[in-house]
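Novice: The structure follows.
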Amino acid sequence: MKTILIPTDFSPHSLRAMKFAVRMLANKADVKLIFFHATETQMHRRTPANLYKDAIQLDLSRNWERLKEFTQRMLTHLGMEKPPFEIDWIVKHGEFLRNVLDTIDEQRVDLVVVGKSTTTGLSRFFYGSESAKLLEKSPCAVLMYPAKSKKRVLAKISLASVTLELDTFFEDLVDFAKISNAQIDIFHIHDPATDVAAFDTEGFLKRLKIKYDYKAISLSFLKAGSDDTVANIDAYIASTNPDIVCIASYQRPWYEKIFNSSITKTLAFEADVPLLVLKRTTEI
């Protein structure tokens, strides 16, 4: 992953997401961070067009300076006045989601890192249907960093899987893990009747490690305690404390169905663990 987009509304929860991303990339010289902000200029509806255009340009200029100052203060606080990675700042006028998606396309973004909160700042955007729209419409991976999260480093990524058929999304996960040489733990949620002892775990992992040229991969089995996939993921998080939980989406993804439940709102919007959503080409 070479280009990472970090939207911010200058709120505390978006700042925490920014810090997590910067710490994650502290030793990477071959990546580019784009800090992004969307602004909407409030003017009387009868304002002449030329004055409105001038006001927009002034608003964009001021917010660009604010964004640059905001990120530089953050970098200084982290002791990274001269980070090894490239940095750019983009400010656009208009609706947030549309501008984020346009920027992903224009800048060929590989990953979006967003802070999420249910109470302040961009809560209207990140809660409920708007968050599902971002996850569904984004052509690239999205990392959602919870407002309550205390995660500061990336050492362990847990991939939730209801099958062991991995496709091209796993290559993206390996690329993400290589950012900080993180361990990838695939945890397979299986039916209680499944005989996991008969599965060739050693051979499965050997093939993966060779195919993706990455050794830090492990496999765990989680017996389904109920028919609720999210409840099973929640139980795993509580018992293993991963730094990031990863799921993979597919068109109208299975996670979107899960997002309709109150349990998933807890997982996606209230959990302490960041959630990484990758794109896949076959059903999980």
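Throughout, read-outs are computed from the coordinates displayed, never taken from laboratory work. Predicted model, so just to flag it, every value in this text is computed and none were measured. Glycine gets a Cβ as well: all are built from the backbone with ideal geometry, and neighbour counts include every protein chain shown.
Novice: How far apart, in nm, are the 7 Å Cα→Cβ label points at Asp213 and Ala26?
Specialist: 2.7
Novice: Within 10 Å of each candidate Cβ there may be at most 14 other Cβ atoms; applying that plus a DSSP loop requirement, which chymotrypsin sites (Phe, Trp or Tyr not before Pro) in segment 1-44 survive?
Specialist: On the way: sites: Phe10, Phe20, Phe35, Phe36; in loops: Phe10.
Answer by residue number: Phe10.
Novice: Filter the GluC sites (Glu not before Pro) in segment 134-218 down to the DSSP loop ones having no more than 14 other Cβ atoms within 10 Å, then list what survives. Could you put the intermediate results ahead of the total?
Specialist: Working: sites: Glu136, Glu165, Glu171, Glu202; in loops: Glu165.
Taking segment 134-218 and a limit of 14 other Cβ atoms within 10 Å, the loop GluC sites (Glu not before Pro) found are Glu165.
Novice: Would you please give the residues with an amide H less than 5 Å from that of Val31, counting only those at least 5 places away or on a separate chain, with H modeled from the backbone geometry?
Specialist: Here Glu86 satisfy the definition.
Novice: Past 31 Å, Cα to Cα, is the threshold; run Lys32/Lys223; Lys28/Lys151; Lys150/Lys211 against it and keep the listed order.
Specialist: Working: Lys32/Lys223 40 Å; Lys28/Lys151 19 Å; Lys150/Lys211 34 Å.
Beyond 31 Å: Lys32/Lys223; Lys150/Lys211.
Novice: Tell me, what is the FRET efficiency for Val162 and Asp102 to the nearest 0.05, using R0 = 30 angstrom and their Cβ-Cβ distance as r?
Specialist: Numbers: r = 34 Å, r/R0 = 1.12.
That pair, Val162 with Asp102, gives E of 0.35.
Novice: Can you list residues from other chains, or at least 5 along the same chain, whose modelled amide H is less than 5 Å from the amide H of Gln183?
Specialist: Those lying under 5 Å, H to H, from Gln183 are Lys156, Ile157.
Novice: Over segment 151-203, what is the mean sequence separation of C-alpha contacts under 8 Å (at least six apart), divided by residue count, expressed as relative contact order in percent?
Specialist: Values: 40 pairs, mean separation 25.2, N = 53.
With pairs under 8 Å counted, the relative contact order is 48 percent.
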